[in-house]
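Colleague: Before we start, here is the structure in question, set down as structure tokens.
Read the figures in this text as sums done on the coordinates, not as results from a lab. All values derive from a computational prediction rather than experimental measurement. Note that each Cβ is placed from the backbone with ideal geometry, even for glycine, and that neighbours are counted across all protein chains shown.
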Amino acid sequence: MLRAIKNEPINLNSSFEEPDTTGNELVTAEHWDAKISRYGKFGRKEEKPHTGDASIYLHEFWSGNINQTVDVKPGLIIAQLKYYVTTVVTKLLGTVWLDLEYLDKDGNVLSSIRTAQQPFVNSLGRWETIGVMDQIPARVGGEPVTQVRMSATINGFQEGGIMYLDDFGLFQADDAFNVPFIK
Ligand SMILES: [Ca+2]
């Protein structure tokens, strides 16, 4: 029988409360990396948090992902992100999706999953959730899975809107065959 356990995120700085201290110009929150296409920046800002004081602010953003690599064990895992798109711009064509890439100890991608793309137009002016649950295999092709690279891709902010991201968490129960419970 599945047991619900209240879990904290197993990744670091999931609420973006800690500012970057490494001089990262693509994402200014500690422990996060980013890949940007053409232009844009994941900028930490204390302006519109979902929880805590800070979130990630996007404006004049073309396309890119914010990502973090996390040690995991085999079993059930949940990734979840909160996002808010303002109603300032009437024509918003953008979407967001999540990827989970399962890595070996050397960082090679063994397998991956991707959520459907969620269009911003469905949730303007309120916090929305995108999430995914999956089962991490112990091995893929004989290679043990030891890490997950979690990423959220934001695509289509060339229209000029404003978007906030917060609480990008990865959850795994202590007993990884239980379903993680997210408060
Ligand atoms: Ca926060």
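Colleague: How many lysine pairs in the chain, separated by 8 or more positions in sequence or lying on different chains, have Cα atoms less than 22 Å apart?
Modeller: Close lysine pairs under the 22 Å cut-off: 16.
Colleague: At most 15 other Cβ atoms within 10 Å and a DSSP loop assignment: could you name the chymotrypsin sites (Phe, Trp or Tyr not before Pro) in region 19-64 that fit?
Modeller: Of the chymotrypsin sites (Phe, Trp or Tyr not before Pro), the ones in loops of region 19-64 whose Cβ has at most 15 other Cβ atoms within 10 Å are Tyr39.
Colleague: What do the square roots of 5 times the Cα gyration tensor eigenvalues come to for region 33-172, in whole Å, largest first, as semi-axes of the equivalent ellipsoid?
Modeller: Ellipsoid half-lengths, sorted descending, are 29, 15, 13 Å.
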